[in-house]
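Have a look at the structure below before the remarks.
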Amino acid sequence: MALSLFGGLYAGRRVLVTGHTGFKGSWLVLWLRQLGASVTGLALDPDTHPSHWALLGFDDVADHRVDLLNATAVRQVLDTHEPEIVFHLAAQPLVRRSYRAPAETFSSNVTGLINLLDAIRDCPSVRVLVNATTDKVYAERDAPGGYLETDPLGGHDPYSASKACSELVTDSYRKSFFNDAVASPRIASARAGNVIGGGDWAEDRLVPDLVRAANAGHGLRIRNPLAVRPWQHVLEPLSGYLRLAQMLWHDRDFAGAWNFGPRTEGEISVGALAAQLGTNWPALRIEQDAGAHPHEAAVLRLNCNKACTQLAWQPVWNIATTLARTADWYRQFDASGQVQSADDLAAYVNDARRLGLAWAG
């Protein structure tokens, strides 16, 4: 049944995922394998313990531990596996780490992308690239209806600025090197909101920090409880990426930038999200940290009308389901070591089918 999703595009297809050892990348590999794809991964070692990638225990994925800054090694991976579709998720993804290591952040998120794009230029098998960036690429401004894909790019912190740069690089390569209407790969960028879900243990992220605090028996001090973010389960943007690549495969007109975020009810404050998550897991407790902290945008909202209308994509789970699934994933893992990611994926696909979404068959 899974092979019929996304028009059956991924069955037997050669797919490269950069950043496959990370939180979002490991969930994408799980889904691609169920879709019947032949998956190659290119990434650094997981930087958390435990790691979702290691817990999934894949033994049929070509797992290359390669730094994107090593241009020669990147080319070798593409030459060896000849991918047809590339999902670029590898990044330094943390805002607060970007303040501590700005040079590393720009190198990973800009130079690493350039090395990948140059390798794709010399790899004729590649037909589609989806570059996953972030909702933080937009120049901060008052946007009550949410940021549109046509809004100016910017970025106050090094992470956000580096991802805005990666958007400009993507657009430049599309216009300069991938402009043959017949032969060139089709390239798009995907700007997703804040993702949550089981299997994330990254530093300085709200849900993993809450889980660690609960396991240690104390409350979590939250630095910006009033900051509003577009929260969504990790499977939401991944369905968007897979749908976008499907449409790009058939039509170059889908090249460009796309937002993937939740419905309005998923745009809530950090404090509200922590409190709602606590209703599913009473051990989670929050406190306000009144100390000085690096700048982060007060409000981030995405306007996803373009994806909804042109890709026939829409969110599947509301915020209540997202938080319940996330809390249950961690509770089950803490209690028994059970990894229920495949169960969450099956439930998500079934709910998408009930909604009659185009990609769900």
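Please report, as a whole percent, how much of the solvent-accessible surface of the range 1-70 comes from carbon and sulfur atoms (probe radius 1.4 Å).
49 percent
Which angle from 0 to 90°, rounded to the nearest 10, does the C-alpha axis of helix 270-280 make with the longest principal axis of the chain?
80 degrees
Please give the helix 341-355 orientation as an angle from the longest Cα principal axis of the chain, in degrees from 0 to 90, rounded to the nearest 10.
Relative to the chain, helix 341-355 is tipped by roughly 80 degrees.
Please give the net charge around D334, taking every other residue with its beta carbon less than 13 angstrom from that of D334, where Lys and Arg add +1 and Asp and Glu add -1.
+1
Please give the contour-minus-distance gain from A71 to H250: 0.36 nm per residue of separation, less the Cα-Cα distance, rounded to one decimal in nm.
Result: 61.5 nm gained on full extension.
Say each of N350 and A103 gets a label point 7 Å from the Cα, pointing the same way as Cα to Cβ; how far apart are those two points in nm?
5.3 nm
If I ignore ligands, DNA and RNA and count only protein heavy atoms, how much of D63 is accessible to a 1.4 Å probe, in Å² to the nearest 10?
60 Å²
GNM on the chain, C-alpha springs below 10 Å: top fluctuator among L68, L302, L148?
Highest fluctuation of the listed residues: L148.
Pick out which of D59, D344, D180 has the largest mean-square fluctuation in a Gaussian network model of the chain, springs linking Cα atoms closer than 10 Å.
Judging by the Gaussian network model, the answer is D59.
Under 18 Å Cα-Cα from K24, which lysines qualify once same-chain neighbours fewer than 8 residues away are excluded?
K136, K163
Determine the sum of side-chain charges near N303: Lys and Arg each +1, Asp and Glu each -1, restricted to other residues whose C-beta is under 10 angstrom from that of N303.
Residues near N303 contribute 0 overall.
With a 1.4 Å probe and every protein chain left in place, work out the accessible area per residue of the range 169-251 in Å², rounded to a whole number.
Numbers: 2710 Å² over 83 residues.
Dividing the accessible area of the range 169-251 by its residue count gives 33 Å².
Determine the distance separating the Cα centre of the range 1-78 from the Cα centre of the range 325-361; give it in Å without decimals.
So the separation of the two Cα centres works out to 19 Å.
Pop out the ³J(HN,Hα) list for the range 247-262 in order, Karplus 6.51 cos²θ - 1.76 cosθ + 1.60 with θ = phi - 60°, rounded to Hz; leave Gly and Pro as x.
With the stated coefficients, the range 247-262 comes to 5, 4, 4, 9, 8, 5, 5, 8, 5, x, 9, 9, 8, 9, x, x Hz.
Give me the Debye-computed log₁₀ of I(q)/I(0) at q = 0.09, 0.11, 0.12 Å⁻¹ for the chain, equal point scatterers on Cα only, no solvent, two decimals.
These q points yield log10 I(q)/I(0) values of -0.46, -0.70, -0.85.
Mind giving me the FRET efficiency for H49 and D343? R0 is 22 Å, r the Cβ-Cβ distance, nearest 0.05 is fine. Could you put the intermediate results ahead of the total?
Numbers: r = 23 Å, r/R0 = 1.06.
About 0.40, to the nearest 0.05.
Whose amide H sits under 5 Å from the amide H of I286, counting only residues 5 or more places off or on another chain, with H placed in the peptide plane?
Residues meeting the criterion, in which the H sits 1.01 Å from N, are L220.
Could you please report the charge total around R13, scoring K, R as +1 and D, E as -1 over all other residues with beta-carbon less than 13 angstrom from its beta-carbon?
Net charge in that neighbourhood comes out at +1.
Whose amide H sits under 5 Å from the amide H of A192, counting only residues 5 or more places off or on another chain, with H placed in the peptide plane?
For A192, the qualifying residues are T133, T134, D135, F260.
Would you kindly find the accessible area of V339, with a 1.4 Å probe and non-protein molecules such as ligands, DNA and RNA excluded, rounding to the nearest 10 Å²?
Rounded to the nearest 10, the figure is 50 Å².
With a 10 Å cut-off between alpha carbons and a GNM built on the chain, which of L28, L300, L226 moves the most?
Looking only at L28, L300, L226, the largest GNM fluctuation is found for L226.
The values are calculated or read from the model by the stated rules, or taken from the named source; none is laboratory data. Note that the coordinates shown come from a computational prediction; the quantities given were computed from them, not determined experimentally. Quick reminder, even Gly has a Cβ in these numbers, built from the backbone with ideal geometry, and neighbours come from all protein chains shown. These area figures cover heavy atoms from the full protein model, side chains too; ligands, DNA and RNA do not enter into them. Shrake-Rupley method; radii C 1.70, N 1.55, O 1.52, S 1.80 Å.
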